[in-house]
């Protein structure tokens, strides 16, 4: 893959991957950092990772997710040692639907959250998720089902939906 081809791939895939990792981590700045690091690693391995017979975006997503989880574990361990306060990062405020979705996803176990994000936000099939996560397809289906059931109460609207009669 030439440098220009890599640049085009980066421009197309970066925003998608950041959005996906933001949904997985709940932290936009962290998502940007880990996706950027994943692209650095892809550049170093571009001959094998970005070849035509592989799924480079899936590889990048997996690397970025692992980086995020590793950082989260290190940070949690550090907080346990220090027990200090941090200054919050300033970020532009996301919309209310986005906030509700990320908050609801945080209530799910990691394996269910990963399956939900990969299926509904990344548009991956059950088989693709199974291949990417190493879980059997039946397990992926169960995680999706349980994840949807667990998300439903967190995403229910308190406002009544308009009926056809009220719209006329």
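Taking square-rooted eigenvalues a ≥ b ≥ c of the alpha carbon gyration tensor, is region 1-58 rounded, prolate or oblate, where a/c under 1.5 means rounded and, failing that, a/b exceeding b/c means prolate? If you can, show how the numbers build up before the last one.
Details: a/c = 2.14, a/b = 2.05, b/c = 1.04.
Here region 1-58 falls in the prolate category.
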_Protection proxy ranking of 18-31, 129-142, 96-109 - average other beta-carbon atoms within 10 Å, highest first_ = 18-31, 129-142, 96-109
*So how far apart, in nm, are the two label points at residue 156 and residue 97 if each is 7 Å from Cα heading toward Cβ?*
2.1 nm
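Throughout, read-outs are computed from the coordinates displayed, never taken from laboratory work. Please read these numbers as outputs of a predicted model, since none were measured by experiment. Please note: Cβ atoms are built from the backbone with ideal geometry, for glycine as well, and neighbour counts cover all protein chains shown.
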